[in-house]
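Following: one structure in structure tokens, then a few remarks.
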């Protein structure tokens with residue numbers, strides 16, 4: 001298993017980790033199989049989305065903040081209750097097919113670490129199943 005360490009700089013932000021993952025695959029000679037990208041934090045998520053236009057991530061953050069505002073009163077109020085809900089809706093992991101050492105992503109797709117309770121130091125685990 002491989003680990004990415006991520007330092008976020010805002011309470012809510014999307015960090016493109018695609019290139020970091022590609023370099024880890026290449027450095028370890030991983031060729032064909034399935035890659036699971038997982039965050040072990042209850043206030044963050046992993047998603048695949050467009051990586052050509054940064055406004056997509058801005059729109060995603062704005063939509064999630066409108067749908068689940070931080071100021072809303074929740075039964076479990078820890079100051080980051082909205083972050084738990086956002087994390088659950090987006091999801092803690094993504095699974096990507098890897099062939100000939102390359103992730104089979106669409107032309108405009110990137111893998112994003114989604115921070116919903118930053119800034120913080122975070123970890124992302126990469127588990128490769130294959131050769």
Could you check how many residues of region 26-61 are in contact with a strand residue (DSSP E or B) (Cβ under 8 Å, 6 or more places away or on another chain) and free of Cβ contacts under 8 Å to residues at least 40 places away in the same chain?
1
Region 114-123, residues that are surrounded by 17 or more Cβ atoms within 10 Å (Cβ to Cβ), part of a strand (DSSP E or B) and out of contact with any helix residue (DSSP H, G or I) (no Cβ under 7 Å at 6 or more places or on another chain):
115, 122
Can you find a residue in region 21-34 that is within 15 Å of the chain's Cα centre (by Cα), surrounded by 12 or more Cβ atoms within 10 Å (Cβ to Cβ) and closer than 23 Å to residue 127 by Cα?
yes
Residue check, residue 82 over 13 Å from the mean Cα position of the chain (by Cα) and modelled with pLDDT of 95 or more
no
Tell me, please, whether a residue that is surrounded by 13 or more Cβ atoms within 10 Å (Cβ to Cβ) and either in contact with a strand residue (DSSP E or B) (Cβ under 8 Å, 6 or more places away or on another chain) or in a strand (DSSP E or B) (or both) can be found in region 62-74.
no
Please tell me if residue 111 is buried (at least 16 other Cβ atoms within 10 Å of the Cβ), out of contact with any helix residue (DSSP H, G or I) (no Cβ under 7 Å at 6 or more places or on another chain), touching a residue at least 40 places away in the same chain (Cβ under 8 Å) and in a strand (DSSP E or B).
no
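The values are calculated or read from the model by the stated rules, or taken from the named source; none is laboratory data. Values in this document were obtained by computation on a predicted structure and should not be read as measured data. Positions of Cβ are backbone-derived with ideal geometry, glycine not excepted, and every protein chain shown enters the neighbour counts.
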